[in-house]
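Colleague: Pasting a structure below so you can have a look.
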Amino acid sequence: MNTKVKHTVKLTPKFLDVNGKRVAEAVAGDSFLTMLYRKFNMDYPKFFKMDVLCKVGFIASEILLNEEGGERFVPRADRAVILFNRNSSLNADRTFQRTIANTEEFYPSPSVFVYTLPNIVTGEIAIRNKYHGESSFILLPEKSQEAMNQAIDRAFMDGETTSVLTGWVEAVSETEYEAELELRIMNVSSPNIFKT
Amino acid sequence: MIVKKIGESIISPLGFTVEENFQSVMNGRSELRRYESLWNLPFPCFVSLIPDEILEAELARELSANVVASFRTKFEKIALLSAVKSVKQSGIDPKSERVIFILSSTKGNVELLADENLDLERVTPAHTAQRMANFFGNPNMPITVSNACISGLCAQIEAYRCLMSGQYDAAVVIGADVLSPFIVAGFQSLKALSDEQCRPFSANRRGLNLGEAAAAVVYTVADDSADGWRMLAGAVRNDANHISGPSRTGEGSYRALCSVLNDSGLTANDLACLNVHGTSTMYNDEMESIAINRAGLNAVPVNAMKGYYGHTLGAAGILETLLTMRALEDGKVPATRGFDELGVTQPVLVTSEPIDTQKRAFVKLLSGFGGCNAAASFNGYGL
């Protein structure tokens with residue numbers, strides 16, 4: 001599949017890189033994610049309800065899409081959201097497990113349980129941006145650019161998909177996370193060979 | 001080139017082969033039961049469980065004792081058992097670099113989080129997928145699709161693409177989930193569970209039932225003249241509306257249905273049935289009735305399998321596809337167990353009894369949290 005990468009974002013607890021350039025660094029004591037939310041003027045209060053996996057995916061996708069420019073929040077179905085990690089929704093899973101660990105303190109919360117699915121982050125990005133296209137979360141036994149590239153190429157086999165917001169989003173705790181996102185765009189000069 | 005089914009299996013409370021499961025469904029059987037305090041949970045629930053002793057006996061017949069010991073959780077056991085049976089039936093060489101393993105699961109080994117000696121590495125289904133690929137000696141990195149309740153269709157769509165792109169010659173697609181206090185308490189906290197038999201599309205429906213199952217299907221490429229079950233097309237679409245509530249307009253399901261009908265060249269008239277999600281929650285069934293009507297499929301018989309098995313999560317998309325195929329081979333669309341009086345706003349032809357059909361094409365529909373929806377179309381040639 002003839003595609004090209006248009007814009008990249010790398011986000012860790014220590015720094016934010018956009019298109020390979022350092023844009024922000026964490027300051028001890030502050031939540032880096034909340035700092036970035038304010039720095040980039042993201043007016044989306046739902047952010048504060050999200051679990052850490054969603055926050056990381058949301059922040060990285062917002063910065064990536066601002067970089068792309070153009071009008072946002074227009075309903076479209078030609079953009080897929082395909083994200084990857086190894087540990088699924090482990091942090092939310094452990095949080096929910098603590099609420100049901102014993103019968104004396106049994107208080108399962110729907111607002112925690114709903115985040116115990118990795119594809120909630122792909123859903124949050126689709127909702128934020130009004131993307132009606134394909135959304136999918138794929139788990140790999142380890143981070144493999146080759147396996148991700150193959151899955152991204154396959155996503156373009158959907159006749160409606162012309163671009164994919166994609167990459168690795170892992171968050172195993174509030175302080176251990178990594179997002180490496182990119183926009184993958186189909187080269188206009190090459191027809192979609194899978195389209196029939 | 002087409003994508004064709006060459007192997008299958010179902011591991012469920014209704015049997016350990018597709019045939020046993022099919023006969024149970026046609027006889028109206030279910031193992032859905034009410035439990036007053038399953039695993040000491042402080043509420044009653046209505047679920048379908050695979051009995052451990054029957055599972056262990058089946059494992060002993062199919063696998064060596066040291067394999068059974070190393071795949072020690074129920075999730076690992078039923079996933080591997082379904083994979084082994086389907087691979088055996090398909091006749092493929094699972095060691096080939098032209099074969100890919102694809103797993104569908106929502107929560108995998110999540111019950112391990114309650115273990116005192118927690119092995120965190122083992123919790124993710126990606127770990128189970130790798131161990132299964134290793135078991136078969138397969139050299140490729142396995143893919144695990146985890147898209148909530150639509151995972152079983154997403155995994156088949158991924159397989160379809162792996163084959164149609166020419167990258168692989170065969171794909172082993174395994175869907176599995178087991179129940180645990182984690183999952184049951186979670187769905188209960190969402191007020192999504194009914195403590196009585198679920199009633200898909202019925203006026204008096206009160207929520208879903210959960211169930212355990214694994215199901216596997218092996219697909220391969222074949223030439224255009226091949227007989228058998230073909231996967232024709234698949235699509236995944238998002239409501240872009242809400243993370244845990246279905247769209248009021250059935251947006252994602254409608255779009256997925258339209259895409260699949262368009263890509264496979266099928267019209268409403270070609271379809272023997274539409275096998276839907278039909279969870280028996282107020283919102284899901286209503287949403288599906290809207291999507292079905294918007295897609296112009298209101299004259300197509302609709303059936304749902306949740307009344308036999310409960311919602312089997314990551315297995316549902318594969319289990320329900322395989323049972324629909326098997327029933328159509330006999331010219332039957334199964335009854336929707338639990339359905340009585342239609343209780344959605346849009347007209348939907350829900351099957352209350354098995355019906356006869358000459359047609360062999362059908363569409364499978366699913367929707368899930370995260371606003372995701374999936375549809376896929378299948379057709380049986382020469383059957």
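The values are calculated or read from the model by the stated rules, or taken from the named source; none is laboratory data. In this text, all values refer to a predicted model and were calculated from it rather than measured experimentally. Note: ideal-geometry Cβ built from the backbone for every residue, glycine included; neighbour counts use all protein chains shown.
Colleague: When only residues in the range A:120-146 that are free of Cβ contacts under 8 Å to residues at least 12 places away in the same chain and part of a helix (DSSP H, G or I) count, which is nearest to the other protein chains (Cβ to nearest Cβ)?
Modeller: A:Ile127
Colleague: Output the residues belonging to the range B:359-376 that are within 14 Å of another protein chain (Cβ to nearest Cβ) and either among the aliphatic types (A, V, I, L, M) or in a strand (DSSP E or B) (or both).
Modeller: Hits for the range B:359-376 are B:Leu366, B:Ser367, B:Gly368, B:Cys372, B:Asn373, B:Ala374, B:Ala375, B:Ala376.
Colleague: Residue pairs, Cβ under 7 Å, 6 or more apart or interchain, first in the range B:189-204 and assigned to a strand (DSSP E or B), second surrounded by fewer than 20 Cβ atoms within 10 Å (Cβ to Cβ) and among the acidic types (Asp, Glu). List them.
Modeller: B:Ser202/B:Asp340; B:Ser202/B:Glu341
Colleague: Right, next: It is to be established whether one or more residues within the range A:152-163 are within 17 Å of the chain's Cα centre (by Cα), surrounded by fewer than 18 Cβ atoms within 10 Å (Cβ to Cβ), in a loop (DSSP other than H, G, I, E, B) and at the interface with another protein chain (Cβ under 7 Å from one of its Cβ atoms).
Modeller: So far as the range A:152-163 goes, no, none of its residues is within 17 Å of the chain's Cα centre (by Cα), surrounded by fewer than 18 Cβ atoms within 10 Å (Cβ to Cβ), in a loop (DSSP other than H, G, I, E, B) and at the interface with another protein chain (Cβ under 7 Å from one of its Cβ atoms).
Colleague: Against the definition (among the aromatic types (Phe, Trp, Tyr), surrounded by fewer than 22 Cβ atoms within 10 Å (Cβ to Cβ) and more than 10 Å from chain A (Cβ to nearest Cβ)), how does B:Phe136 come out, yes or no?
Modeller: yes
Colleague: With respect to B:Ser253, is the statement that it is touching a Gly at 6+ places or on another chain (Cβ under 9 Å), in contact (Cβ under 8 Å) with a residue 60 or more places away in the chain and among the small types (Gly, Ala, Ser) true?
Modeller: So B:Ser253 fails the test.
Colleague: Here are B:Leu257, B:Leu266, B:Leu271: which of them is closer than 27 Å to B:Val18 by Cα and within 14 Å of another protein chain (Cβ to nearest Cβ)?
Modeller: B:Leu257
Colleague: Can we say B:Ala159 is crowded, with 24+ Cβ neighbours inside 10 Å, of a type outside the set (Phe, Trp, Tyr), closer than 20 Å to B:Thr321 by Cβ and out of contact with any helix residue (DSSP H, G or I) (no Cβ under 8 Å at 6 or more places or on another chain)?
Modeller: Answer is yes for this residue.
Colleague: Another question, if that's okay. Being surrounded by 24 or more Cβ atoms within 10 Å (Cβ to Cβ) and either among the polar types (S, T, N, Q) or assigned to a strand (DSSP E or B) (or both): is that true of B:Asn379 here?
Modeller: no
Colleague: Out of all the residues in the range B:211-256, which are over 24 Å from A:Glu124 (Cβ atoms) and out of contact with any helix residue (DSSP H, G or I) (no Cβ under 6 Å at 6 or more places or on another chain)?
Modeller: B:Glu212, B:Thr220, B:Ala222, B:Asp223, B:Asp224, B:Ser225, B:Ala226, B:Asp227, B:Gly228, B:Arg230
Colleague: Same structure, new question: Looking at (1) assigned to a loop (DSSP other than H, G, I, E, B); (2) at pLDDT 95 or above; (3) surrounded by 14 or more Cβ atoms within 10 Å (Cβ to Cβ), which one does A:Val9 not meet, given that it meets all the others?
Modeller: In the conditions (1) assigned to a loop (DSSP other than H, G, I, E, B); (2) at pLDDT 95 or above; (3) surrounded by 14 or more Cβ atoms within 10 Å (Cβ to Cβ), A:Val9 misses (1) alone.
Colleague: Which of the residues spanning the range A:80-119 are buried (at least 21 other Cβ atoms within 10 Å of the Cβ), assigned to a helix (DSSP H, G or I) and free of Cβ contacts under 8 Å to residues at least 60 places away in the same chain?
Modeller: Matches in the range A:80-119: A:Ala92, A:Asp93, A:Phe96, A:Gln97, A:Phe113, A:Asn119.
Colleague: Name, by its number, the condition in (1) surrounded by 24 or more Cβ atoms within 10 Å (Cβ to Cβ); (2) in the same structural domain as B:Asp93 (by TED's automatic domain parsing); (3) assigned to a loop (DSSP other than H, G, I, E, B) that does not hold for B:Ala216.
Modeller: Every condition holds for B:Ala216 apart from (3).
Colleague: A follow-up question, please. Here is a list: A:Glu71, A:Glu62. Which entry is of a type in the set (D, E, K, R), more than 10 Å from chain B (Cβ to nearest Cβ) and exposed (fewer than 14 other Cβ atoms within 10 Å of the Cβ)?
Modeller: Matching residue, one of A:Glu71, A:Glu62: A:Glu71.
Colleague: Among the residues of the range A:93-115, which ones are more than 7 Å from chain B (Cβ to nearest Cβ) and touching a strand residue (DSSP E or B) at 6+ places or on another chain (Cβ under 9 Å)?
Modeller: Once the filter is applied, which keeps residues that are more than 7 Å from chain B (Cβ to nearest Cβ) and touching a strand residue (DSSP E or B) at 6+ places or on another chain (Cβ under 9 Å), the range A:93-115 yields nothing.
Colleague: Under the condition of being part of a helix (DSSP H, G or I) and either of a type in the set (Val, Ile, Thr) or without any contact (Cβ under 8 Å) to a residue 60 or more places away in the chain (or both), which residue from the range B:143-176 is nearest to the other protein chains (Cβ to nearest Cβ)?
Modeller: Looking at residues that are part of a helix (DSSP H, G or I) and either of a type in the set (Val, Ile, Thr) or without any contact (Cβ under 8 Å) to a residue 60 or more places away in the chain (or both), I get B:Arg161.
Colleague: Does B:Leu179 satisfy the criteria of being in a loop (DSSP other than H, G, I, E, B) and either under 29 Å from B:Arg33 (Cα atoms) or within 11 Å of another protein chain (Cβ to nearest Cβ) (or both)?
Modeller: yes
Colleague: Under the condition of being under 26 Å from B:Ala304 (Cα atoms) and among the hydroxyl-bearing types (Ser, Thr, Tyr), which residue from the range B:30-59 is surrounded by the fewest Cβ atoms within 10 Å (Cβ to Cβ)?
Modeller: B:Tyr35
Colleague: If you scan the range B:220-245, which residues turn out to be within 12 Å of chain A (Cβ to nearest Cβ) and in a loop (DSSP other than H, G, I, E, B)?
Modeller: B:Asp239, B:Ala240, B:Asn241, B:His242, B:Ile243, B:Ser244, B:Gly245
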